[in-house]
Amino acid sequence: MGGSLILLIILVVVVLYGVGAYNGLINLKNQTLNAFKQIDVQLKRRHDLIPNLVNAVKGAMDFERQTLEAVIQARNQAVAAGANAGPAAMKQVGAAENQLSAALSRFNVVVEQYPQLKATANVAQLQEELTSTENRIGFSRQAYNDTATQYNTKQQQFPTNLFAGLAKASLAELWEITDEAERAVPQVDLSMKPKA
Amino acid sequence: MTDETGLNLFQQQEANRRRTIWLVIGFVLFFAWLGFGGDLIYWLSTRDGTPNTYHHTIPWFGLLMTAIGAGIARYGFATGPNKVLWSTGARELTEPATDQERQLVNVVEEMAIAAGLPRPRIWVVPDADPNAFATGLDQAKSHVAVTQGLIDLCSRDELQAVIAHELGHVKNLDVRLMTTLAALVGAVALMHDGMGRLMTSGFRSGRGIAGGGGGSRGGKKGGLGQLVIVLLVLWVITWILAPIISQFLAMAVSRKREYLADAMGAQFTRNPMALATALQKIEAAESPTSTIKRGAAHLCIADPLGRRVNLHEGGLSNLLATHPPMAARIARLKGMAYQRLKAEGQFPAA
């Protein structure tokens, strides 16, 4: 009698723990998915911003046509890559977005070289928007990576890992800088000479 | 960010929820004591009266005070965030008009993304001294307020760091406990002022009745009279100490949290140095934040009253300070920054 009671208590504890672990995993899984969607939202925001930016500086920056065109091209490629997005296309999207980031940072460097352009209220505003957008993308990736790491750790740790299969948990991929060029320290030309 | 911080966050939230409930229960119990204590004293002093004098048998004071306490707690909990914001004279920033305001809105939105929180409502306090606070009862409906001085003084990165610190408070639900506390402390202070006036006038007019009825019997029943006096003294002391007790509570609750929120802020921005320099700037601007009064002081990132007790740790400061010493906070943040740089290999191992 006493033995079966103890067995029953152990069983109840195990089941209760299992329910907790399962729910915890599901919770983290959904948080990870949500954090991933947040990156998409911010990328879309950037795509919408760029045409405005280009229009605002087009007249004043006729001499920097190349930089502007690079930005527009990178933006269009990123939009195209995002259109057929799926889990498989994640690498492609990442690469396109990184290209865009690189083009935009080059653009920012160029704008810094022309004080009279920076002084225009419109451009200053757009630069703030651009900074904010880049930050948002960065922070949404950071939040995604943090959540995904938590999720991954949880499903690998004992004894939660025993319930990972039940919760259909699988390791979430972390967002990394895939572009070697971006990983490198940026070379900024400060010679102030007009480019050829 | 490791799994451990995630677990800690959950525990922090649970602890804050629990503490808020205890705070409310304690508050109502305190009111009940104020009421029933009075009843007990009144009952003891009228018990031996002749049948035709008044016998205080039904504890009306106690019932009334408990009801009042529960009512205030309920009201304070529901309107706490608005009361706090109202007391500082903050205005909500809905339509950013200037570049500065647009930047503030952007920064708050960025940090909300980093913290994984819904965007809080943004308020600006018209005060030249740099300071900031967060309030709200849950993550979905939170408020972040900064002073005009903070916007003027801080760079974008520093502003971001301060907002991240405030969102740290929101994320681990510190705001819930601290806002409830602010509402209740405010209610006690208000009540104390009002009742103090009522009591002094009541004692003056009531002395005639009490003196005539109880005075002669006090000698016969010495033991009972002493009990009544002890109770009475205890009761009056509680009344006098009420605001002081609630102040101690506010202080004890907030000091440890500042370190934690600093750490969370650094985690959101991955830039502890920005918060360190922001704190240095806030510290250097020595004028007190005059618009933020005592009631909301424990919510702020830096003590708005500029009290000297906050300069040290330990001893009297452990009792009286609402904030840890700024130098200690800055030192901790610099330590975090150093660890980061070393981990990234940007710093020669010393």
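Sorting B:SER155, B:SER45 by the number of Cβ atoms found within 10 Å of their own Cβ, with the fewest placed first, yields B:SER155, B:SER45.
In peptide A:147-154, what is the residue-averaged number of other protein chain Cβ atoms found within 10 Å of each Cβ?
Numbers: counts 3, 0, 4, 8, 2, 1, 5, 3.
Taking all residues of A:147-154 together, the mean is 3.
Let a ≥ b ≥ c be the square roots of the eigenvalues of the Cα gyration tensor of region A:1-59; is it rounded (a/c under 1.5), or, if not, prolate (a/b larger than b/c) or oblate?
Numbers: a/c = 15.51, a/b = 12.70, b/c = 1.22.
Prolate, because a/c is 1.5 or more and a/b exceeds b/c.
What is the sum of charges around B:ALA67, taking Lys and Arg as +1, Asp and Glu as -1, for the other residues whose C-beta is under 14 Å from the C-beta of B:ALA67? Spelling it out: positives minus negatives among the neighbours equals 0.
By the beta-carbon count within 10 Å of each Cβ, the least crowded to most crowded order of B:LYS171, A:LYS91, fewest first, is A:LYS91, B:LYS171. The packing ranking of peptides B:29-39, A:72-82, highest mean first, is B:29-39, A:72-82, where packing means the average number of other beta carbon atoms within 10 angstrom of each residue. Each of A:SER4, A:SER101, A:SER170 was scored by other Cβ atoms within 10 Å of its Cβ. Listed from fewest to most, they are A:SER4, A:SER170, A:SER101.
Only the coordinates and a few stated rules stand behind these numbers; no lab work does. Computed from a predicted model, the values in this text were never measured in an experiment. Quick reminder, even Gly has a Cβ in these numbers, built from the backbone with ideal geometry, and neighbours come from all protein chains shown.
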